[in-house]
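The values are calculated or read from the model by the stated rules, or taken from the named source; none is laboratory data. Computed from a predicted structure; not experimentally measured. Note: ideal-geometry Cβ built from the backbone for every residue, glycine included; neighbour counts use all protein chains shown.
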Amino acid sequence: MARKSTTTKRTRRATKKAPRKAGRQSSTRTSSPRAARSPKAAASSSNGSAQHTLAIDIGGTGLKASVLDAEGKMLTERVRVDTPHPCHPKLLVETLATLVKPLPGYQRISVGFPGLIRHGKIVTAPNLGNDVFGGFDLAKVLGARLGAPVRAINDADMQGLAAIAGKGVEMVCTLGTGFGTALFYDGKLQAHLEIAHHPFKKKLTYDQLLGERGRKENGKKRWLKDVSEAIDNMRIMVNFDRLYIGGGNAKRLDFKLPKNVSLVDNSAGILGGIRLWDEKQDV
């Protein structure tokens, strides 16, 4: 009798595939949407490429985004559109989805928002409307819409992540549509204090006097004096080792800054997105 072909046996064995291992679960503090992932997010996670992060900077006047590589470098120029006004959560999410559509693939998303955020949910949104945004789960809804896990924090906090050296008490102040602050200790983000809405002078808050509206209404000379005084107040308040000043209006400062105070580029609002995923950042 003829022997059975060894080639046939090998072929049968080759058709048996080993079970695929389950992927590692994402951080407990990120959204994990069950909905089908967007084609872009799905494609980028299946091609074996390094982890890429979609970084979004939500401002009172503009929405900006870019994709960062594993080293935190932008893979493309930032894209930008004006922030819609009036704005509500659904409109914001859809505007962001359209904004990031032409960008390269990504596996995770970092968002900076102009207000207080805790565990991905918006607590306050002074420049966009507390009544419509308060309680909105930005991380969950945006993650479901774009098909990737999201971490969301205050926009000044995210800018600070790109600016700090990671040693001692470091503070970040942003001068833009409003006034923002962030505080770090040995590189770890501390609780967001919303100093912007604390009383500053003449029953007005830091946000009212140092934001864009205050600058235009009070004039450059008065605004610069208020910024200088605010820096002194921040020093007394937190006794920082270093202070970084960013935001669109930081470039307007024309007085000599103290030795431990420096300006940071406005692109930090995007570049901080990579550090938001560090294990030490408990958001």
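Summary table
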{"item": "Considering residues of the range 222-236 that are touching a Leu at 6+ places or on another chain (Cβ under 9 Å) and aliphatic (A, V, I, L, M) only, the residue nearest to Glu194 (Cα to Cα)", "result": "Met234"}
{"item": "Output for the range 208-248, where each listed residue is under 23 Å from Asn127 (Cα atoms) and touching a Ser or Thr at 6+ places or on another chain (Cβ under 9 Å)", "result": "Gly211, Glu212, Arg213, Met234, Tyr244, Ile245, Gly246, Gly247, Gly248"}
{"item": "Test: Gly115 is outside the structural domain of Gly246 (by TED's automatic domain parsing), buried (at least 22 other Cβ atoms within 10 Å of the Cβ) and farther than 19 Å from Trp277 by Cα", "result": "yes"}
{"item": "Helices (runs of 4 or more DSSP H) wholly inside the range 1-102 containing at least 1 residues that are exposed (fewer than 12 other Cβ atoms within 10 Å of the Cβ) and modelled with pLDDT under 50", "result": "6-14, 39-46"}
{"item": "Where Tyr244 falls short, out of the listed (1) touching a residue at least 60 places away in the same chain (Cβ under 8 Å); (2) closer than 25 Å to His85 by Cα; (3) touching a strand residue (DSSP E or B) at 6+ places or on another chain (Cβ under 6 Å); (4) of a type outside the set (Lys, Arg)", "result": "(2)"}
{"item": "Residue ID - surrounded by the fewest Cβ atoms within 10 Å (Cβ to Cβ), chosen from residues in the range 163-204 that are without any contact (Cβ under 8 Å) to a residue 40 or more places away in the chain and in a strand (DSSP E or B)", "result": "Pro199"}
{"item": "Residue list for the range 223-241, restricted to those being part of a loop (DSSP other than H, G, I, E, B) and either free of Cβ contacts under 8 Å to residues at least 24 places away in the same chain or surrounded by 13 or more Cβ atoms within 10 Å (Cβ to Cβ) (or both)", "result": "Phe240, Asp241"}
